[in-house]
Amino acid sequence: MPAPLSPITAPEPSRRAQAGQPEPRTGPRLMLDPLLTLAVLGLGLCSVKILGSVTSEAVAGQPNYYSERQGIYLVIGAALMLVVARIDYARLRQFKYWIYGALLLSIVAVLGLGHGANGSVRAISFPLFSFQGSELGKVFLILALAALVVDRSRHLGERETTARVMLAALVPAMFVIAQPDLGSGLVYVAIAVTVLFVAGVPWRHLAGLVALGAVALALVLGAAPAVGVHVLKHYEVERLTAFLDPSKDYNSEQAGYQQQESKIAIGAGQKTGTGANDTQIKGNYVPENNTDFVFASIGSRYGFAGAALVLSLYALLIWRTLRILTLSKDLFGALVAGGVAAMLMFQVFVNVGVSIGIMPVTGVTLPLMSYGGSSVIATLLAVGLLQSIYVQARAAEALKGRVLRP
Amino acid sequence: MNSLERVRTPDRTGGHSLHEHPRFGQRVPPPGASQLGLRVAILGGVALIMFGIIFFRLWYLQILSGEQYVQQAAANTLRDLPIVAPRGQILDREGNVLVTSRVTNAVQIVPSELPPAGPGRRALYRRLGGLLGMSPRRIVEIEEKGHKEVSYAPVTIKTDAGRGVLTVLGERQDEYPGVKQEQVSVRRYPDGEMAAQMFGYVSQVTKEEKEPGTALYPHFKGVETGTMVGQEGLEYQYDRYLRGTPGVRPVEVNSENQVVANKPVTKPRVGYSLRLTLDLPLQREGEVALRKGMELARALGHPGNGAAFLAMEPRSGQILASGSYPSFDPNRFVKPLTESELKEVEQIGKGVEGAREPDPLLDRATEGHYPTGSTFKPITAIGSLEAGLLDPNVGMGAGSCIVAAGGQKFCNAGNNDYGAVGLVAALKVSSDTYFFEVGEHDNGHNPPAIQAMAHKLGIGRPTGIDLPNESEGVLPSPAWREDQNRKQAKCLRHPPRVGCGYVAEIRPWEPGDNMDLAVGQGDLQTDPLQMAVAYSTLANAFMGGGEGTVPTPHVGMAIENPSGGIVQTLNFPPRRKVKFNDANLNLVMEGIHDATFERGGTSADVWSGWNQAKYPVYGKTGTAERAGQVEQAWYMCILPDANRPIVIAVTVEQGGFGDQAAAPVARLIASKWFNQPLKLMSGSNADH
């Protein structure tokens, strides 16, 4: 099968030698997208700072328990990011079946071996950390779907292509939703749709997918429970529907409570935040204030100013992702970048939207900000892929210039 | 845009496929550079819109409505915990402590935080029972009773739990869910049963008392739930002064309601003290004397199972001492009680010699309903004299019985024959036949002479005393009879199960009714308090040249702050004045004075040896007949001392003749008041 774009190979030393020119100083290995790196660095620092301030009393005697661990995850993730940045991402395409297999394995292994947290089984416990398969799965899925689409790039107009890609995404998504981790499942679907979108499938396919999604939603929330089939857990449905009635006063047993307390915390932050006098967060009124509702902690403690800073860093991150998408030297890279963009955008908007009460509670992490090794490392791996795409694109550009300039 | 150029390449290859699959040819436009650019632009646009929405929402939440959320967060986390205010003291006229409070620790159960009923709760009760040294069953009973009374409030299980218990509860809170310790103000009644009905008792304000529209709502308006408030007697009457103002301890709590920070407290204001007109030594002696009086009755074989006394300063209406038997120990209401224990305290009084007597909560001095017997005769006499219906010098009442117009026979007690005597002698020996004739003669006059005078003197109407439950009593008259007949007839048309009870039978007023009233019998119902007011009026007129003020009896004298400064003096202006003809009044007074010291006077034996020259006594015995019971002994007396005048009323239910059980009590009280030797003297006159 002729690859539409073969990976760009390094220039042959013999030609360089012939040209008699010295080796270029800025080799592709050292190059990283500076703005992307800045955004990641900034978010990492914000994460350590906010976790340090809200969890100082969470573990007795260890005020820095969470922030230190998050710092370690960030360092590990950054190291992995640098490694990935130096790999030519395009080579990963040939391992697409392995990658897809690893995706399914990591999810199924969690179902089989995992331990419960808050009533769901999402992670496998290891001595030092717990492995949350669905987080790493996002990166695997992006690579696998991108490779699949590239393989079928001659058949993008066909319904079968869209169907295959969606099927490839929905199988792991169903497993993840069964964990139950509705949020990650939805991320998978968003990734698949975005990869198709970026690849250029016909608009009517996309419209069809939206229509199918609406029907599925109606079935899951309306029709299926009516005939006694509960696809989602009761609490998930409650959370989703509680969002529709925000004015109600919820007590701590009810679904709308989390969002209500989160809104109060953020609102009470006002312009510059409550600082250390943060009764709403300190008193544990906002649940999960270091993971799913970490944005409430930011808004409460540092106010509009802090929230705006963090959101600006996310804007920078997403802009660079889209920019790298356009810079990519090949379709595979563009699709990977598109998938990463989908992952980041979906998680940022849904997570923040939940915290500020404009989206139903689904349970997704805020990338790089929420406490958790799997999420941080998976996100940084995805950023590593972006860096690799950037590096390869720069290298190709440099080579092209050189080739054109005899 | 070199980069885009490169990306376009695969799209072009995609374009090739169109030729290989012509059936899609017309539908799919060849994707080009513009397609990817457009789609990335759409992604960027979506991101832009989402960021726009988020920023707008954050602006709305934090900048526009921030203030409101700050308040909500404060409402979430800040609680005002009340600090109990010690209740004010009750003092006697000299400042002696009669009722006081102390703050102590109490172990309480918060019903809503208990484990669900079942093994968990039973295990908790067993643990708690072991800790407090109580049976789990008792804890359950106390909890159930408390929950029934005030369903929303914590129930106190034990007061004065030792330090060890409190330490255990404090350190092992997890093992005792729903159990807490709280500072509570506990009422203490150092003299126990003394004047218990007058003091009343306290308990938590109930929900009913706090609901608008209920009778007690105005009285307890603004009281924090769970506060101890006065439920009876003076505790109720002066509750708003005594209860004080609870302090506030603002705390910050977390989502599990655990206190995480304390804020500066507002200290509670201790309740004001209530200074009474009571004289503690006299009160104590009165209680002792009353029991001695009952022992005298029992020595004669009478049941003597209920009694009351009341001593009043006649000019001002200040009550110097007042007691009722049987009594209860209000300290028992302070400790947590089970339902059956409460019933026992409320219904069974502790009598002398361990006897168990009914109705200990009834203050027989102010809430009794009694005929008075012969103690009413001075009122009959002055009323008839003032109406001009009685010539005091005409001898009447010869023989041991007289026969009324209807053929009914009215006799002297013991069928004595005092011969035809004048008014003074009739009062001295208490000739019933004399007064039967007076009553018969008075009947039919309008207005009825005896009733008009009795009404002026305060019989059968509220005295205005500062106690919540004084009885109004009944002063029978033709008009009253007519009214009762009407009510009875109306009631009988739709008879309730319990009966109507306005009158025993519907019949017109008869001369016999007036004859009965003339000697304090028949339908007359009054109590020592009303009689003391009536005698005080006579005493005031006697001391004040014919014009007698009708005092408003009262126990409260002043409201004081805890350090003793007067906050408010309580004023009880006299009800009205009654004018008497001096000569008439002197005749009556002469009659009841003779009764106390002349040979043959009804209470002369009781007062024998008394310094009549210094402290002349004007007293009248009474022996009230009550259906199915031994006679009720009465004694009323006036000691119109210029400096320390006193009116004393004593009654002993089923005590026999007035001079046997009641008059000796009065003498002991008078002895105490005038610092005379305390001598228990019982009458030997088998008389009235």
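Residue-level check: of (1) surrounded by 24 or more Cβ atoms within 10 Å (Cβ to Cβ); (2) within 11 Å of another protein chain (Cβ to nearest Cβ); (3) farther than 30 Å from A:TYR235 by Cα, A:THR326 misses just (1).
For segment A:289-301, a residue qualifies if it is without any contact (Cβ under 8 Å) to a residue 60 or more places away in the chain and either more than 8 Å from chain B (Cβ to nearest Cβ) or surrounded by fewer than 24 Cβ atoms within 10 Å (Cβ to Cβ) (or both), and the qualifying residues are A:ALA296, A:SER300.
When the residues of segment A:161-198 are filtered to those that are within 11 Å of chain B (Cβ to nearest Cβ) and free of Cβ contacts under 8 Å to residues at least 60 places away in the same chain, the one that is surrounded by the most Cβ atoms within 10 Å (Cβ to Cβ) is A:LEU196. Whether a residue is more than 8 Å from chain B (Cβ to nearest Cβ), of a type outside the set (Ser, Thr, Tyr), out of contact with any Gly (no Cβ under 9 Å at 6 or more places or on another chain) and closer than 26 Å to A:MET31 by Cα was assessed, and A:GLN387 passes this test. Out of A:GLY338, A:GLY372, one residue alone is farther than 21 Å from B:GLY37 by Cα and either more than 11 Å from the chain's Cα centre (by Cα) or more than 14 Å from chain B (Cβ to nearest Cβ) (or both). It is A:GLY372.
Scan segment A:287-313 for residues that are more than 16 Å from A:GLN70 (Cβ to Cβ) and modelled with pLDDT under 90 and the total you get is 1. Evaluate the following for B:GLY230: is it at pLDDT 80 or above, in contact with a Pro (Cβ under 6 Å, 6 or more places away or on another chain) and not assigned by TED's automatic domain parsing to the domain that holds B:GLY323? Answer is no for this residue.
The set of residues in segment A:55-70 being more than 18 Å from A:GLU135 (Cα to Cα) and at pLDDT 85 or above consists of A:ASN64, A:TYR65, A:TYR66, A:SER67, A:GLU68.
Exactly one residue out of B:SER316, B:SER322 is buried (at least 24 other Cβ atoms within 10 Å of the Cβ), of a type in the set (Ser, Thr, Tyr) and either within 14 Å of chain A (Cβ to nearest Cβ) or over 22 Å from B:SER682 (Cβ atoms) (or both): that is B:SER322.
Pairs linking a residue in segment A:93-113 that is on the phi < 0 side of the Ramachandran plot to a residue that is not in a helix (DSSP H, G or I) and not small (Gly, Ala, Ser), with Cβ atoms under 6 Å and 6 or more positions apart or on different chains, are A:VAL110/A:ILE124; A:LEU113/A:ILE124.
Residue by residue, here is whether (1) at pLDDT 70 or above; (2) of a type outside the set (Val, Ile, Thr); (3) more than 25 Å from the chain's Cα centre (by Cα) holds:
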| position | (1), (2), (3) |
| --- | --- |
| A:HIS205 | yes, yes, no |
| A:ALA211 | yes, yes, no |
| A:ALA226 | yes, yes, yes |
| A:ARG239 | no, yes, no |
| A:PRO246 | no, yes, yes |
| A:GLN259 | yes, yes, no |
| A:ILE281 | yes, no, yes |
| A:TYR285 | yes, yes, yes |
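Within segment B:188-204, the set of residues being touching an Asp or Glu at 6+ places or on another chain (Cβ under 8 Å) and on the phi < 0 side of the Ramachandran plot comprises B:TYR189, B:GLU193, B:MET194, B:ALA196, B:GLN197, B:MET198, B:PHE199, B:TYR201, B:VAL202, B:SER203, B:GLN204. For segment B:575-587, the count of residues that are in contact (Cβ under 8 Å) with a residue 60 or more places away in the chain and assigned to a strand (DSSP E or B) is nonzero.
Restrict the check to segment A:82-98 and report whether at least one residue is of a type in the set (Val, Ile, Thr), over 14 Å from A:VAL383 (Cα atoms) and assigned to a helix (DSSP H, G or I). Checked against the condition, which is being of a type in the set (Val, Ile, Thr), over 14 Å from A:VAL383 (Cα atoms) and assigned to a helix (DSSP H, G or I), segment A:82-98 yields no hits at all.
Checked against (1) more than 8 Å from every other protein chain (Cβ to nearest Cβ); (2) not in a strand (DSSP E or B), B:GLU67 passes all but a single condition, namely (1). Residues in segment A:69-95 that are surrounded by 20 or more Cβ atoms within 10 Å (Cβ to Cβ) and over 19 Å from A:SER375 (Cβ atoms): A:ALA85, A:TYR89, A:ALA90, A:LEU92, A:ARG93.
Scanning segment A:266-281 for residues being touching a helix residue (DSSP H, G or I) at 6+ places or on another chain (Cβ under 8 Å) and more than 7 Å from every other protein chain (Cβ to nearest Cβ) gives a total of 7. For B:PHE24, indicate whether it is modelled with pLDDT under 90 and facing another protein chain (nearest Cβ under 8 Å). Yes. Counting only strands (runs of 3 or more DSSP E) that sit wholly inside segment B:237-280, those with at least 3 residues that are at pLDDT below 90 are B:247-253, B:259-262. In this structure, does B:GLU482 turn out to be in a loop (DSSP other than H, G, I, E, B) and surrounded by fewer than 17 Cβ atoms within 10 Å (Cβ to Cβ)? Judged against the criteria, B:GLU482 is not a match. Residues that are over 14 Å from B:MET515 (Cβ atoms), surrounded by fewer than 17 Cβ atoms within 10 Å (Cβ to Cβ) and in contact with a helix residue (DSSP H, G or I) (Cβ under 7 Å, 6 or more places away or on another chain) within segment B:399-428 comprise B:GLY399, B:SER400, listed in sequence order.
Select, from B:LEU91, B:LEU43, B:LEU36, the only residue that is at pLDDT 50 or above, at the interface with another protein chain (Cβ under 9 Å from one of its Cβ atoms) and touching a Lys or Arg at 6+ places or on another chain (Cβ under 9 Å).
Exactly one of B:LEU91, B:LEU43, B:LEU36 is at pLDDT 50 or above, at the interface with another protein chain (Cβ under 9 Å from one of its Cβ atoms) and touching a Lys or Arg at 6+ places or on another chain (Cβ under 9 Å), namely B:LEU36.
Return yes when B:GLY499 is within 32 Å of the chain's Cα centre (by Cα) and either at pLDDT 90 or above or surrounded by 18 or more Cβ atoms within 10 Å (Cβ to Cβ) (or both) and no when it is not. Against the criterion (within 32 Å of the chain's Cα centre (by Cα) and either at pLDDT 90 or above or surrounded by 18 or more Cβ atoms within 10 Å (Cβ to Cβ) (or both)), B:GLY499 does not qualify.
The values are calculated or read from the model by the stated rules, or taken from the named source; none is laboratory data. Source: prediction; values computed, not measured. Positions of Cβ are generated from backbone atoms using ideal geometry, with glycine treated the same way; all protein chains shown enter the neighbour counts.
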